[in-house]
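The structure appears below as structure tokens.
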Amino acid sequence: MFVYVKLLQGYTKTLTYKIPLSWGDTDLTGSVITVPLKNKIVPALVVKTYHQLSQKSAFEIKEAVGKDHLPPDHQYAKFIQKVSQFYFVHPKKLYQRTQSFIYTKEQAVPRITANHKTKPAHVESITPTTEQQQVINYLLPLVDKPKYAPTLLHGVTGSGKTEIYKKIIQSCVKNNKTVLLLLPEVSLSLQFENLLAKQLPASIPIFGFHSASKASVKKKLWQSLLTEKACLIVGVHLPVMLPIPNLGYIIVDEEHELGFQEKKHPKINSKEMAIWRAKLYDIPILLGSATPSINSIYNVKKHNWRLFELKKRFAGNFPNVKIVTLDGTRRRSSFWITRELERAIADRIEKKEQTLLFINRRGYSFFVQCKQCGFTFLCPHCSVSLTLHKGPVDTTLCCHYCDHKEKRPTVCRECKAPEKELLQRGIGTQQVVSILEKLFPEARIARADLDTTRKKRLWQETVEKFENQEIDILVGTQTITKGYHFPHVTLVGIIWADLNVHFPVFNASETALQQLVQVAGRAGRQSAESLVIAQVIHTHPIFEFLQEKDYIKFCDEEMGFREETLYPPFGRLVQIELKHTNAKTIDDDARRLSTLLTQLTETKSLGVSVLGPAKPLVYRIQKTEMRHIFLKAPSFTPIYKLLHEANLESFDSQVFVIPT
């Protein structure tokens, strides 16, 4: 037998190798083997298997070396093939992705490792509540008798979902089964690794597998998978694509989060792939959230997913929620801090309680604009305005997409108006801190946004200080809305609550409300009385549902709108993204592809709606242009028939398929 292979690294052309007789007649298509190349042994993906070659080779065909390059996961090749078909990418790219992270260079990132020798062998467990025990009683038997059983855990903020996760992890590893724990961002993964390292027995190996993991830890995990040792793997996107021989359970925390959708192509949705994998492997999957996605709630109602609810907090009471209008006619110290919020912060400082302030924009101001001619300072590489950042030494304009920086302007670039005519528009975390320092000079204030949390050691120190009540007010972006438990926070202020509700996407209301409910849930986790003040410029229907107990009412109402318009979960939406450095080329390709798709769906009666082409809000990043086309249909089937007919590789622009 012979195989055609593509090397996972280096040489791009298809190569031919002979299969040893001892391997038998098994079809190896889709599997990874090792082959000789010059003086090296390298991994390669089998593209096709042949009993005989169609013509005699002009050179000697070498023999493959081994077929056990990957951990012995018998469903893995089938899973990778399915993912590649769904995202219209070659399986080689998916194998390359895993390989590149296994053999990455060391990164100096502070984190835990799988070595827990200093921990006690036994960790004191917390007695579950009645609600928690009901969930545990259903989930644990699935470890012994596994089956595909998708379960949605709707637990209010502070209800103790992590305690349930710990019970599953302990039971699985005891039964020699590996658990995947997926979280929506790396900082949250690091937090969970540290937490679970302290709270789980030392006998349970914990491996972080994400962009901030050390290469040495990834290699230890790889060895663990090769030897089929049970462990806990924590991460965001990468773990779900690993070959895992003894996979027993998948847990997805904060399952509603958009962070599970990768930002780089192929834009794989880790949560959706986790559900696929659980079904293919016939194992249970648990999805937890205080604000479950509408898709998951729909699956409970229409596809027999099991639902459990934790309606009570483990400690503390739910906060009172107050909506306050940012009315420009009322006199106050700062436009962005209402009298109600200022009084509430002062009260917390006096009582030595803590305040969390949320604004989903970093920097000082959104953009700088000339008062005289209206000119706005834009990034030369991206189609976005530059954000004003104030540093300890100088003030700069920064692009949040390509990291372009330039000094703060002293004159208008268009009409040469002086600096006093350059207005700072909008507000970010830096400006909020600056305002608070003037209003409350005695307060200890810190900031939590991408500028600060990317410095892992500094961010860890900030978290510890806040937990130890060495900080009075913490100002942050969405980083502070996820997973953190700050027991002494009795006030949450949302600076601009309606900032994202009018974003031009079909699920803007859902994602905006989820974020607001999550940040509100940081208040009162261990106190009888707490308050949330949401400042708004314009009212919006979602503000009627800011109380956690009303969240499902919002979902029911939103599903009615989605059903009328055939948006997910009642229909399927696929985004096609075209990318090219030349604007004319991409515009021509986008129009040609849109016309072709429209003609094909009509002639073949596929019933697919073709929307676009259109420029996205940010249509150029790092001098690369982007255009979008959307396909909408009752199911994915007609959409994929249409895309296969369209021959996407025939266009000059790169074409990517992103299912929603």
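Things to note:
One line per residue, one yes/no per condition, for (1) surrounded by 17 or more Cβ atoms within 10 Å (Cβ to Cβ); (2) touching a residue at least 12 places away in the same chain (Cβ under 8 Å); (3) among the acidic types (Asp, Glu):
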residue: 562; (1), (2), (3): yes, yes, no
residue: 565; (1), (2), (3): no, yes, no
residue: 578; (1), (2), (3): yes, yes, no
residue: 583; (1), (2), (3): no, yes, no
residue: 596; (1), (2), (3): yes, yes, no
residue: 602; (1), (2), (3): no, no, yes
residue: 606; (1), (2), (3): yes, yes, no
residue: 630; (1), (2), (3): yes, yes, no
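- Taken over the range 1-20, the criterion of being under 12 Å from residue 65 (Cα atoms) and either part of a strand (DSSP E or B) or free of Cβ contacts under 8 Å to residues at least 12 places away in the same chain (or both) is satisfied by 17, 18.
- Hits in the range 94-128 (condition: at pLDDT 75 or above and crowded, with 16+ Cβ neighbours inside 10 Å): 94, 95, 96, 97, 98, 128
- Evaluating residue 7 against the criteria (1) within 39 Å of the chain's Cα centre (by Cα); (2) more than 25 Å from residue 243 (Cα to Cα) leaves one unmet condition, (2).
- Of all residue pairs spaced 6 or more apart or on separate chains, those with beta-carbon atoms under 6 Å, a first member in the range 189-216 that is more than 17 Å from residue 253 (Cβ to Cβ) and a second member that is small (Gly, Ala, Ser) and assigned to a loop (DSSP other than H, G, I, E, B) are 202/121; 205/114.
- Pick from the range 62-91, criterion acidic (Asp, Glu) and at pLDDT 90 or above, ranking: surrounded by the fewest Cβ atoms within 10 Å (Cβ to Cβ): 63
- Residue within the range 539-557 that is over 30 Å from residue 344 (Cβ atoms), without any contact (Cβ under 8 Å) to a residue 12 or more places away in the chain and not in a helix (DSSP H, G or I) present: no
- Any hit, the range 475-488, residues being modelled with pLDDT of 95 or more and within 27 Å of the chain's Cα centre (by Cα): yes
- Tally of residues being surrounded by 13 or more Cβ atoms within 10 Å (Cβ to Cβ) and either closer than 18 Å to residue 494 by Cα or touching a strand residue (DSSP E or B) at 6+ places or on another chain (Cβ under 9 Å) (or both) across the range 540-560: 10
- Residue within the range 652-660 that is in a loop (DSSP other than H, G, I, E, B), more than 16 Å from residue 572 (Cβ to Cβ) and at pLDDT below 95 present: no
- Criterion: more than 29 Å from the chain's Cα centre (by Cα) and of a type in the set (Gly, Ala, Ser) - qualifying residue of 385, 334: 334
- Pair list, Cβ under 6 Å, 6 or more apart: the range 60-81 residue farther than 14 Å from residue 42 by Cβ, other residue modelled with pLDDT of 95 or more and surrounded by fewer than 16 Cβ atoms within 10 Å (Cβ to Cβ): 75/280; 79/280
- Where strands (runs of 3 or more DSSP E) fall wholly inside the range 421-502, the ranges with 2 or more residues that are in contact with a Lys or Arg (Cβ under 9 Å, 6 or more places away or on another chain) and within 17 Å of residue 336 (Cα to Cα) are 473-476, 489-494.
- Residues (in contact with a Gly (Cβ under 9 Å, 6 or more places away or on another chain) and surrounded by fewer than 24 Cβ atoms within 10 Å (Cβ to Cβ)) located in the range 243-263: 253
- Some residue of the range 26-37 being free of Cβ contacts under 8 Å to residues at least 12 places away in the same chain, within 28 Å of residue 659 (Cβ to Cβ) and either part of a loop (DSSP other than H, G, I, E, B) or under 38 Å from the mean Cα position of the chain (by Cα) (or both): no
- Sole exception among (1) part of a helix (DSSP H, G or I); (2) crowded, with 20+ Cβ neighbours inside 10 Å for residue 158, by number: (1)
- Checked against the criterion of being surrounded by fewer than 18 Cβ atoms within 10 Å (Cβ to Cβ), out of contact with any Phe, Trp or Tyr (no Cβ under 7 Å at 6 or more places or on another chain), of a type outside the set (Val, Ile, Thr) and touching a residue at least 12 places away in the same chain (Cβ under 8 Å), the candidates 307, 287, 225, 280 yield just one match: 307.
- Residue under evaluation residue 297, criteria (1) farther than 21 Å from residue 80 by Cα; (2) within 14 Å of the chain's Cα centre (by Cα), criterion not met: (2)
- Which numbered condition residue 281 fails, given (1) in contact with a Pro (Cβ under 9 Å, 6 or more places away or on another chain); (2) modelled with pLDDT under 95: (2)
- In the range 612-625 there is no residue matching the filter, namely being outside any loop (DSSP other than H, G, I, E, B) and among the aromatic types (Phe, Trp, Tyr).
The values are calculated or read from the model by the stated rules, or taken from the named source; none is laboratory data. What you see is a predicted model; the values in this text were computed from it and never measured. Don't worry about glycine lacking a Cβ; one is built from the backbone with ideal geometry, like all the others, and counts go over all protein chains shown.
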